[in-house]
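Enquirer: I'd like to ask some things about the structure below.
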């Protein structure tokens, strides 16, 4: 059995803060010692977190024992906004350290690992060309136009779901130096520049649809419009069924490459885009002409 570091022991035994009661400090020393921190700095972090938890438990009448106070529900309540005067970064740090102490004490059930969903793989240009050829090979003009529109709206403008189903021929417009799709309904009405390779095909499909829905159906609220369409395409037995989410992933990758997202993230040392949305919200919006020039111009 490894001997404890004297510096760690000294840090724990010398912990006597003035901001919490003697009972809360004793609780912090006890649970920290049993958690066996590997360094004095980690011991100090555990002591601070446990003393905050001890003070919280005293304030609401919870017993100061490890099995009760370190239960996940108590830890979450202690660190919840509005339950403490700690700042948000401090709450996050305290919760992380309390969870570590609780794991050492085996308090509460272990967390279940939930793997995050990975983004769909984009299609290659060769695969997109194959699906467009399949659209051209359909036996009727109506089916040819609708199949072509699905590929153009998803891989060329990134539309999926309700936004895709609600587009009429009149929502596809040649203007601002390119072609745009006006998304008028749903949670995020917007104007989307269409990638230049899809301009002619999408304009043809829109002209054929007129004031009707471009991909078919009688109502934008109707479910499963795209699934029957993609499942019923004639021919192309060597091609897997079109996935709308992969078409959108194709658009996302091409746009990201165009605006240099990978170069930017590499230069900034960023591997996760969690906060990019917060930063982007503070930037001025581009005009329609600027967006078309950036995303929809011929290259």
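Enquirer: Could you please tell me which pairs satisfy a Cβ distance under 6 Å, a separation of 6+ or placement on different chains, a first residue in segment 278-293 that is free of Cβ contacts under 8 Å to residues at least 40 places away in the same chain, and a second residue that is surrounded by 12 or more Cβ atoms within 10 Å (Cβ to Cβ)?
Expert: If the second residue must be surrounded by 12 or more Cβ atoms within 10 Å (Cβ to Cβ), no pairs are left.
Enquirer: Okay, next question. Just for segment 202-220: of the residues that are surrounded by fewer than 20 Cβ atoms within 10 Å (Cβ to Cβ) and at pLDDT 85 or above, which one is nearest to residue 164 (Cα to Cα)? So that I can check it myself, show each step before the final result.
Expert: Taking segment 202-220 as the starting set, the residues that turn out to be surrounded by fewer than 20 Cβ atoms within 10 Å (Cβ to Cβ) are 203-204, 207-208, 210-212, 217-220.
Pick out the ones that are also at pLDDT 85 or above and you get 203-204, 207-208, 210-212.
On the way: 203: 15, 204: 17, 207: 17, 208: 17, 210: 16, 211: 15, 212: 13 Å.
The selected residue is 212.
Enquirer: With respect to residue 24, is the statement that it is surrounded by fewer than 20 Cβ atoms within 10 Å (Cβ to Cβ), out of contact with any strand residue (DSSP E or B) (no Cβ under 9 Å at 6 or more places or on another chain) and in the same structural domain as residue 91 (by TED's automatic domain parsing) true?
Expert: no
Enquirer: Can you go through 157, 137, 119, 129 and tell me which one is within 20 Å of residue 298 (Cβ to Cβ) and surrounded by fewer than 17 Cβ atoms within 10 Å (Cβ to Cβ)?
Expert: That would be 129, the only listed residue that is within 20 Å of residue 298 (Cβ to Cβ) and surrounded by fewer than 17 Cβ atoms within 10 Å (Cβ to Cβ).
Enquirer: Further, regarding this structure: Which one is modelled with the highest pLDDT, of the residues in segment 85-114 that are surrounded by 12 or more Cβ atoms within 10 Å (Cβ to Cβ) and over 19 Å from residue 44 (Cβ atoms)?
Expert: Checked segment 85-114; the qualifying residue modelled with the highest pLDDT is 107.
Enquirer: Quick one: would you say residue 129 is assigned by TED's automatic domain parsing to the domain that holds residue 213 and over 25 Å from the mean Cα position of the chain (by Cα)?
Expert: When the stated conditions are applied, residue 129 passes them.
Enquirer: Tell me, please, whether a residue that is over 24 Å from the mean Cα position of the chain (by Cα) and part of a loop (DSSP other than H, G, I, E, B) can be found in segment 91-107.
Expert: yes
Enquirer: Counting residues that are in contact (Cβ under 8 Å) with a residue 40 or more places away in the chain and over 15 Å from residue 227 (Cα atoms), which strands (runs of 3 or more DSSP E) fully inside segment 143-193 reach at least 3? Spell out the reasoning first.
Expert: On the way: elements: 172-175, 178-183, 190-193.
Passing ranges, in order: 178-183.
Enquirer: Scan segment 61-80 and give yes if some residue there is over 21 Å from residue 32 (Cα atoms) and over 35 Å from the mean Cα position of the chain (by Cα), otherwise no.
Expert: The answer is yes; a qualifying residue exists.
Enquirer: Now for a different question. Among (1) under 20 Å from residue 171 (Cα atoms); (2) at pLDDT below 85, which single condition is residue 223 missing?
Expert: (1)
Enquirer: Any idea which residue in segment 2-18 is surrounded by the fewest Cβ atoms within 10 Å (Cβ to Cβ), counting only those that are part of a loop (DSSP other than H, G, I, E, B) and in contact with a helix residue (DSSP H, G or I) (Cβ under 8 Å, 6 or more places away or on another chain)?
Expert: 16
Enquirer: Determine which member of the set 220, 228 is over 18 Å from the mean Cα position of the chain (by Cα) and either more than 25 Å from residue 296 (Cβ to Cβ) or not assigned by TED's automatic domain parsing to the domain that holds residue 145 (or both).
Expert: None of the others qualify; the one that does is 228.
Enquirer: Out of all the residues in segment 61-80, which are assigned to a helix (DSSP H, G or I) and touching a helix residue (DSSP H, G or I) at 6+ places or on another chain (Cβ under 8 Å)?
Expert: 66, 67, 68, 69, 72, 74, 75, 76, 77, 78, listed by residue number.
Enquirer: Tally time: how many residues in segment 267-295 are modelled with pLDDT of 90 or more and surrounded by 11 or more Cβ atoms within 10 Å (Cβ to Cβ)?
Expert: 9
Enquirer: Taking segment 205-239 on its own, how many of its residues are over 18 Å from residue 186 (Cα atoms), touching a strand residue (DSSP E or B) at 6+ places or on another chain (Cβ under 7 Å) and assigned to a loop (DSSP other than H, G, I, E, B)?
Expert: Number of matching residues: 1.
The values are calculated or read from the model by the stated rules, or taken from the named source; none is laboratory data. Bear in mind the structure is a predicted one, so any value in this text is a computation, not a measurement. Heads up, the Cβs are rebuilt from the backbone with ideal geometry, glycines too, and the neighbour counts pull from every protein chain shown.
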